[in-house]
Structures are given as structure tokens and as C-alpha cells.
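The values are calculated or read from the model by the stated rules, or taken from the named source; none is laboratory data. Remember, it's a predicted structure, so these values are computed and weren't measured experimentally. Because the Cβ atoms are built from the backbone with ideal geometry, glycine has one as well, and the counts that use them run over all protein chains shown.
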Amino acid sequence: MPAAAADRAEELRRLHLDPAILVLVNVWDAASARTVASVPGCRAIATASWAIAAAHGLDDGEAIGREAMLDAVRRVADAVALPVTADLEGGYGATPDEVGETIARAIAAGAVGCNLEDGVPGGEQLRDAQDAAARVAAARAAADAAGVPIVINARTDTYLRGIDDPEAAILRGQAYARAGADCVFVPGVTDAATIKALVDGIDAPVSVLARPGAPSVSELQDLGVARVSFGPGPMGVALAALARTASDLLAGGVPADELNYRPPAA
């Protein structure tokens with residue numbers, strides 16, 4: 001497993017350095033993973049913690065717990081041949097050592113990439129930047145020990161917490177890159193000029209979250225963004241389609257052709 005996992009991790013790392021932006025349409029289970037992986041142009045799979053928690057009837061913010069989250073990651077990784085990067089929220093641990101254990105277990109579950117965020121679960125505050133960097137360093141050390149160069153996408157929640165300060169995000173991003181992060185994720189930014197400032201100011205590939213009102217994927221590539229993901233958005237699209245279909249059928253409508261769709265086989 002380590003050799004194959006290491007190869008997938010290196011491929012995921014290469015995709016972050018490719019001139020073409022890495023587009024990650026987030027998934028939450030085996031069926032959604034197989035569906036996205038089957039689409040031409042899909043090069044990697046990313047889980048979304050919010051969507052996985054919602055599929056379990058839970059709120060986001062580590063309410064699902066480490067065991068259930070890693071089980072969900074394993075199901076996704078087992079379902080596809082592409083590299084899988086897992087949204088591991090804050091790392092499911094109070095200490096850097098516990099975060100390192102989470103990373104080791106995520107690798108064992110099949111993940112070759114991970115998100116680690118610096119927001120405190122269930123709160124509005126951010127972790128101290130040095131503490132957050134130490135957690136990134138522990139994740140890197142755990143991956144090194146496992147022999148799998150997992151791609152760490154270190155997320156700073158400055159903008160999600162209402163801090164409209166590019167310099168603060170840049171300083172945190174730089175600290176996380178020095179600690180071993182391969183990519184810096186700044187969700188919550190939609191202004192093109194700010195995104196460009198982050199790309200220019202952080203000495204690592206930059207990842208953003210796309211949502212209505214954000215620049216298009218092509219525009220993000222032109223701004224120098226290395227990676228774009230959509231968080232719970234794809235699940236929202238799927239559930240909105242389900243709600244529309246249910247409404248139509250309950251109103252006596254004709255069954256749509258989409259009712260014949262099935263996820264690709266493993």
C-alpha cells in the first residue's frame with residue numbers, strides 16, 4: 001500500500017503545480033465519488049466535511065467524530081482509482097500529536113491529501129497561528145513516517161470568520177507553508193483583486209472555494225489560483241435536483257429520464 005499511495009500522493013502534488021487549475025468537485029460517499037470520477041477531465045477526488053456530516057444527519061464542525069469521518073473517507077477512497085484528498089476539518093485532535101495520529105489513520109484509509117483548518121470547531125475564533133502551524137508540522141511528520149508524501153492543504157479561516165485582511169491571511173499562509181503545507185486554502189474570498197494579492201503574497205500554491213458570486217474557474221486560473229473546490233455546493237446541487245424531482249412526481253408529473261441514472265460500477 002505505501003508504494004501505491006506514495007505514487008498517488010505524488011500525482012496529487014503534481015496536479016497542484018500543473019499550469020491547469022485543479023478542479024475538485026467535492027463528494028460525500030462512494031456513489032458521489034464514482035459519479036464525479038467518471039466525468040471526463042476529473043483528475044482527483046476531494047471529500048467535503050459538511051456534506052459527509054449532513055449525510056449522517058449531523059452538523060459540520062467535527063460533530064461526526066474522527067472514527068465516522070475516517071470510515072467515510074475509506075469508502076470514498078475504496079470506490080475510485082484517482083487520488084483522494086480528505087477534508088479533515090481541524091484534524092480531530094486537541095494536540096498536534098493527536099492531529100498526527102489522524103493523518104496516519106487517514107493515509108491508512110486511502111487518503112493522499114488532506115485539508116487542515118485553523119478555525120476552532122464550534123467557535124468563531126481562530127487558533128493561534130503558531131499552534132495551527134504546529135498541527136501542520138505534526139501532519140507532515142506523520143506522513144513522512146508513513147512513507148506517503150500526503151498533500152497538505154492548510155486552510156486559514158480568516159475570511160470565513162469575517163476578518164477582511166489579506167495580510168493576515170498571507171502571514172498565516174506563509175507560516176503554514178513553512179511548517180510543511182503544500183497548498184494554502186483561503187475560503188470565503190470572492191474578490192478577484194484580493195485573490196490575486198493572496199496568490200502573489202503566499203509562497204505556495206493557493207486554493208480557494210468557489211460559490212455563487214465568485215470568479216469563474218477560468219478566471220481563477222488566470223489569477224494564478226492552483227486549486228478550486230466547492231465544499232458542500234455539489235451536495236446542494238444534488239439535493240436541489242432531488243427536491244425538484246420529488247416535487248414534480250408528488251404533483252403527478254411524468255418520471256424524468258434522470259431516474260434511470262445509476263452511479264458507475266466500481
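Quick notes on this one:
- Residue tally, condition of a type outside the set (K, R), under 23 Å from G61 (Cα atoms) and in a loop (DSSP other than H, G, I, E, B), over region 123-157: 7
- Some residue of region 78-92 being surrounded by 18 or more Cβ atoms within 10 Å (Cβ to Cβ), in contact with a Pro (Cβ under 7 Å, 6 or more places away or on another chain), more than 22 Å from P2 (Cβ to Cβ) and in contact (Cβ under 8 Å) with a residue 12 or more places away in the chain: yes
- Any chance G119 is touching a residue at least 12 places away in the same chain (Cβ under 8 Å) and of a type outside the set (K, R): yes
- Options A5, A46: the member that is crowded, with 20+ Cβ neighbours inside 10 Å and either assigned to a strand (DSSP E or B) or in contact with a His (Cβ under 8 Å, 6 or more places away or on another chain) (or both): A46
- Among residues of region 243-266 that are within 20 Å of V36 (Cβ to Cβ) and surrounded by 11 or more Cβ atoms within 10 Å (Cβ to Cβ), those with a Cβ under 6 angstrom from a residue that is at pLDDT 95 or above and among the polar types (S, T, N, Q), sequence gap 6+ or separate chain, pair up as P263/T35; P264/S38.
- Selection within region 93-117 - surrounded by 24 or more Cβ atoms within 10 Å (Cβ to Cβ), over 14 Å from the mean Cα position of the chain (by Cα) and either at pLDDT below 95 or assigned to a loop (DSSP other than H, G, I, E, B) (or both): none
- Test: R74 is without any contact (Cβ under 8 Å) to a residue 60 or more places away in the chain, in a loop (DSSP other than H, G, I, E, B) and either crowded, with 19+ Cβ neighbours inside 10 Å or among the charged types (D, E, K, R) (or both): no
- Identity of the residue in region 158-171, in a loop (DSSP other than H, G, I, E, B) and of a type outside the set (A, V, I, L, M, F, W, C), that ends up surrounded by the fewest Cβ atoms within 10 Å (Cβ to Cβ): G162
- Single unsatisfied condition, V39 versus (1) within 15 Å of V237 (Cβ to Cβ); (2) in contact (Cβ under 8 Å) with a residue 40 or more places away in the chain: (2)
- Residue match in region 234-256 (condition: modelled with pLDDT of 95 or more, within 30 Å of P19 (Cβ to Cβ) and of a type in the set (V, I, T)): yes
- Cβ pairs under 6 Å, 6+ apart, first in region 46-71 and closer than 29 Å to L15 by Cβ, second of a type in the set (G, A, S) and assigned to a loop (DSSP other than H, G, I, E, B): A48/G231; G61/G122; L70/A109
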